[in-house]
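Just so it is clear, none of the values below were taken in a lab; they were calculated from the coordinates. Only a predicted model underlies this, so the values are computations on that prediction, with no experimental measurement involved. Using ideal geometry, Cβ is built from the backbone for each residue, glycine included, and neighbour counts are taken over all protein chains shown.
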Amino acid sequence: MFELIKICKSFGNLRVLKSISIKIKSGIVTGLIGPNGSGKTSLVNIMSGIYPIDSGQILLDGNDISGAKSYQISRLGVFRTFQHIRIFERMTVIENIISAMISHESFSFYGFLAQVRNPEDPKVNIAQNILEIMEMENDSNLFAGDLSLPKRRRLEIARVLARDPKVILFDEPAGGMTPKETESLAHLINKNVAPGRTCLVIEHKMDLIAKVCEELCVINHGEKIAQGDPSVVFNQPEVIEAYLGKV
Ligand SMILES: Nc1ncnc2c1ncn2[C@@H]1O[C@H](COP(=O)(O)OP(=O)(O)OP(=O)(O)O)[C@@H](O)[C@H]1O
Ligand SMILES: [Mg+2]
């Protein structure tokens, strides 16, 4: 269980998160939705240790990780994807995955090249399995920068899988995708990525949320306005109002 307790975060005078409390259950996919600027990405930045909190507490499986840095949080098995895709455009797909497996502390460029170019290296085998999981097995030698947007987003997830995550925080994984592309990503997440893991998915695309999430949390202006079963939450008046304005 990932527990955010009374989290406050401001940037200068802008209060982005206002004593927000959310419990994210283990082993299921929770959706996080809210209008633009409501604080979703800030919340994920806090959960992944990128931003420090001003006050409040963060617990992971009961352990206080409130002041932990991002490298400490990743050691606990928590990884995330980015709203603006972060991959190495000029590396091949398989190089992108292998580079994610090597910890930053022990990274050596020549060691990396030796591993990537040695088909006997166990990391190459693991990377190929991950490519199969992400249904990208025929793309391993393409440059990441030449991939279509849906495949670039899948590669980012593949890089997360390379780090053996227990918890995955997705920031708009279907951003920029067509409904058909979104549907196939939802299918892939359900079949190959989410099982056995705790996931939080920020998304504006309700078709993805409806297909992958067992639980849904809605925030607005840095406060939680609803959480629970998606079909119930979608119909709550305060959620409809946050999205459509007062009727
Ligand atoms: N590093 C920062 N410095 C200053 N302001 C920031 C910073 N990060 C976020 N903000 C502000 O905090 C507010 C919430 O931003 P955030 O990115 O968390 O929203 P969001 O819910 O992810 O929105 P979107 O749906 O557009 O991605 C916005 O007003 C944003 O401008
Ligand atoms: Mg965002």
Problem - Among beta bridges that DSSP assigns inside the chain, antiparallel share in %, nearest 5 - result: 55
Problem - Phi-based couplings in Hz for region 235-240 (Karplus 6.51, -1.76, 1.60; Gly and Pro marked x) - result: 9, 6, x, 5, 6, 4
Handout entry: Spatially proximal lysines relative to Lys180 (Cα-Cα < 18 Å; intrachain offsets below 8 disregarded)
Key = Lys151, Lys191, Lys205, Lys211
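Inverting the mean 1/r over all pairs of different Cα atoms, compute the Kirkwood radius of the chain and quote it in Å. Please list the in-between numbers first.
Numbers: mean 1/r = 0.0531 Å⁻¹.
Here the Kirkwood hydrodynamic radius works out to 18.8 Å.
Which value, in debye to the nearest 20, gives the size of the charge dipole of region 123-247 about its Cα centre, when Lys and Arg are +1 and Asp and Glu are -1 at the Cβ?
Values: 15 positive and 19 negative charges, 61 e Å.
Dipole about the Cα centre, nearest 20: 300 debye.
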Practice task
Under 20 Å Cα to Cα from Lys224, which aspartates and glutamates show up? Leave out anything in the same chain fewer than 8 places away.
Solution key: Glu3, Asp54, Asp171, Glu172, Glu203, Glu214, Glu215, Glu238, Glu241
Practice task
Work out how much length His204 to Ser21 would gain on full extension: take 0.36 nm times their residue separation and subtract the Cα-Cα distance, in nm to one decimal.
Solution key: 63.8 nm
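Which FRET efficiency value, to the nearest 0.05, do you get for Glu183 and Ile240 by plugging their Cβ-Cβ distance into 1/(1 + (r/R0)^6) with R0 = 22 Å? Before the final figure, lay out the partial values.
Working: r = 24 Å, r/R0 = 1.11.
So the FRET efficiency works out to roughly 0.35.
Under 8 Å for C-alpha pairs, at least 6 residues apart: give me the relative contact order for the chain, rounded to a whole percent. List each step's numbers first, then the result.
Details: 448 pairs, mean separation 67.6, N = 247.
Relative contact order comes out at 27 percent.
By its C-alpha gyration tensor, with a ≥ b ≥ c as the square roots of the eigenvalues, how is region 176-216 shaped: rounded for a/c under 1.5, else prolate for a/b larger than b/c, else oblate? All intermediate terms of the calculation are to be shown ahead of the outcome.
Numbers: a/c = 2.16, a/b = 1.34, b/c = 1.61.
Note, shape of region 176-216 comes out oblate.
First check a/c for region 122-191, with a ≥ b ≥ c the square roots of the eigenvalues of its C-alpha gyration tensor; if it is under 1.5, answer rounded, and if not, answer prolate when a/b is larger than b/c or oblate otherwise. Provide the component values of the computation, followed by the final result.
Numbers: a/c = 1.78, a/b = 1.26, b/c = 1.42.
It is oblate, given that a/c is not under 1.5 and a/b is not larger than b/c.
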Problem - Residue among Ser26, Ser55, Ser66 with the largest mean-square fluctuation in a Gaussian network model of the chain, springs linking Cα atoms under 10 Å - result: Ser55
Fill in the blank from the handout: If exposed means GluC sites (Glu not before Pro) lying in a DSSP loop and surrounded by at most 14 other beta carbons within 10 Å, then the longest stretch of the chain lacking such sites spans residues 121-213
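FRET efficiency for Ile50 and Asn118, Cβ-Cβ distance as r, R0 = 25 Å, nearest 0.05?
On the way: r = 34 Å, r/R0 = 1.35.
According to the calculation, E is roughly 0.15.
Which order do Thr92, Thr30 fall in if you start with the one that has the fewest other Cβ atoms within 10 Å? List each step's numbers first, then the result.
Values: Thr92 18, Thr30 21.
Listed from fewest to most nearby Cβ atoms, that is Thr92, Thr30.
If you stretched the chain out fully between Asp146 and His221, how much longer would it get, using 0.36 nm times the residue separation minus the C-alpha to C-alpha distance? Could you put the intermediate results ahead of the total?
Numbers: separation 75, 0.36 × 75 = 27.00 nm, distance 3.77 nm.
Fully extending the segment from Asp146 to His221 adds 23.2 nm.
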Practice task
Would you mind telling me which residue in Val193, Val93, Val124 has the biggest mean-square fluctuation in a Gaussian network model of the chain, where springs connect alpha carbons within a distance under 10 angstrom?
Solution key: Val124
Exercise for the section: For Val16, list long-range residues whose amide hydrogen, built 1.01 Å from N in the peptide plane, is under 5 Å from its own amide hydrogen. Expected result: Lys9, Ser10, Phe11
Problem - Dipole of region 145-247, positive direction: furthest Cα of Ala174, Val193, Ala162, with charges on the beta-carbon - result: Ala162
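Where a ≥ b ≥ c are the square roots of the eigenvalues of the C-alpha gyration tensor, would you call region 1-87 rounded, which needs a/c under 1.5, or, failing that, prolate if a/b is larger than b/c, or oblate? It would help to have the intermediate numbers written out before the result.
Values: a/c = 1.31, a/b = 1.15, b/c = 1.14.
Because its axes are fairly even, with a/c under 1.5, region 1-87 counts as rounded.
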